[in-house]
Amino acid sequence: MDVSIVLPVFNEAGHLVTELGRIKAAMDASPYTYEVVVVDDGSTDGGVEELPDLKQVRLVTFPHNRGSGAARRAGTTLARGEVVVWTDADMTYPNDRIPELVDLLAGWDMVVGARRVERGTRRLVRVPAKWLIRILASFLARTRIPDLNSGFRAFRKVVAGQYLHLLPAGFSCVTTLTMSFLSNGYSVRYTPIDYAPRAGRSKFHWWKDTVFYIRQVVRMVLLWNPLRFFAPIGVVLGASGAGKLVYDLVTKDLRVATNTVVLLLAAALVLLVALVADLLVQLNRSRDAVLPAHTTPDDPAG
Ligand code: UDP
Ligand code: MG
């Protein structure tokens, strides 16, 4: 099978059938064989019962609500396609363009649909918060990330399989997957997409989910690139300590102040922790990581 489309659903009655119809029409018109894995994340509005009985649709039902990350993870684990597509069931993403997204994946490990505009509830809080996190993540992953939390993407299942156990249950799971790919040398490309107004209510809680989101970005860095997190802190502490030391020596006649010693010790501690963290990451590297798409040889026999 070529493509598995994972569709997490939590109370999307009213437009779920339309969304599925849109996906089916696009996929039927494409050359790809496919399945849609609908994960009902404990919906209570009866929307899932309205779904037509189609042979391409597999339904997984959670007895209670666990979060879109948990739903995406379960759907991806069950996926039989070589390529997995993530999207929402809320009419926001251009799901009629899924075949195009899969075309773009040739020679790449992930294609992300980058939204041209940010919509949704609480824009005043959400837009600056997401911008800040995106800048932080771009710095930590050493690459520009046009849209860190887009829910519309296609990727190679074998690559993602290595990180599924790291996906959090909540919304930051899409960010986690992007950062997992980027931090481990896999290629991610972006394609601009339009983002339509949402049908139904968003499940994003502005404060709870934002705090969790920042924590998850920091966690990702500590997991794969701890030097990127600790080194700047150590360097700032060390430089201030060294500066203060010179000042003490010059102006205080060789007597070193207590705060100078504290600064230098703090810098030394941070650098030591950084080295230990880095060692843990190196030790945890997998012996048989999946090769990135661009390293696959042209002739499989060779
Ligand atoms: N969703 C889910 N479980 C949840 C919350 C959301 O399965 O606890 C689904 C939801 O039905 C949608 C997708 O995950 O298909 C993304 O959720 P939503 O659109 O509310 O988030 P946003 O796009 O606003 O970040
Ligand atoms: Mg959505």
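Ordering Arg66, Arg287 from the fewest to the most neighbouring beta carbons within 10 Å gives Arg287, Arg66.
With a Förster radius of 25 Å applied to the beta-carbon distance between Glu100 and Thr295, the computed FRET efficiency rounds to 0.50. Only one residue of Ala29, Trp131, Thr260 has its Cα farthest out toward the positive end of the dipole of the chain, where Lys and Arg carry +1 and Asp and Glu -1 on Cβ, and that residue is Thr260. With K and R counted +1 and D and E -1, the other residues having a Cβ less than 14 Å from that of Val256 yield a net charge of +1. Magnitude of the charge dipole for the chain, about its Cα centre and with charges confined to Cβ atoms of Lys, Arg (+1) and Asp, Glu (-1), is about 1240 debye.
In straight-distance terms, cross-link reach from Lys130 covers every one of the lysines whose alpha-carbon lies under 26 Å from its own, apart from those fewer than eight places away in the same chain; here that gives Lys203, Lys208.
When +1 charges are put on Lys and Arg Cβ atoms and -1 charges on Asp and Glu Cβ atoms, the dipole computed for segment 152-254 relative to its Cα centre reaches about 540 debye.
Note: relative contact order over the chain, using C-alpha pairs below 8 Å and six or more positions apart, is 18 percent. This model, with +1 at the C-beta of Lys and Arg and -1 at the C-beta of Asp and Glu, gives segment 1-53 a dipole about its Cα centre of some 220 debye.
The relative contact order of segment 138-196 comes to 33 percent, based on Cα pairs under 8 Å that sit 6 or more residues apart. Extension gain for the segment Leu280 to Val17, taken as residue separation times 0.36 nm less the Cα-Cα distance, is 89.9 nm to one decimal.
With a Förster radius of 45 Å applied to the beta-carbon distance between Val246 and Thr191, the computed FRET efficiency rounds to 0.30.
Between Arg73, Arg116, Arg134, where does the largest GNM mean-square fluctuation fall for the chain, given springs only between Cα atoms within less than 10 Å? With Cα springs under 10 Å in the chain, the top fluctuation among Arg73, Arg116, Arg134 is at Arg116.
May I ask for the net charge around Ala141, where only other residues with Cβ less than 13 Å from the Cβ of Ala141 are counted and Lys, Arg are +1 while Asp, Glu are -1? Residues near Ala141 contribute +4 overall. 3J(HN,Hα) couplings calculated from phi for segment 127-132 with the Karplus curve 6.51 cos²θ - 1.76 cosθ + 1.60 (θ = phi - 60°) are, in sequence order, 5, x, 4, 5, 4, 4 Hz; Gly and Pro show x. When only alpha carbons are used to place a centre, segment 256-279 and segment 200-249 end up 16 Å from one another.
With unit charges on the beta carbons (Lys and Arg positive, Asp and Glu negative) and the dipole taken about the Cα centre of segment 165-236, which residue among Val217, Ala169, Ala231 sits farthest to the positive side? Most positive-ward Cα: Ala169.
Between His205 and His64, full extension at 0.36 nm per residue minus the direct alpha carbon distance yields a gain of 48.9 nm. Within the straight-line cut-off of under 20 Å between alpha carbons, the lysines reachable from Lys252 are Lys244, sequence neighbours fewer than 8 places apart in one chain being disregarded.
Note on Ala239/Val125: beta-carbon distance plugged into 1/(1 + (r/R0)^6) with R0 of 41 Å gives a FRET efficiency of 0.75.
None of the figures in this text is laboratory data; all of them are computed from the coordinates on show. Owing to the predicted nature of the structure, the values given are computational and were not obtained by experimental measurement. As a convention, Cβ positions derive from the backbone with ideal geometry for all residues, glycine included, and neighbour counts pool all protein chains shown.
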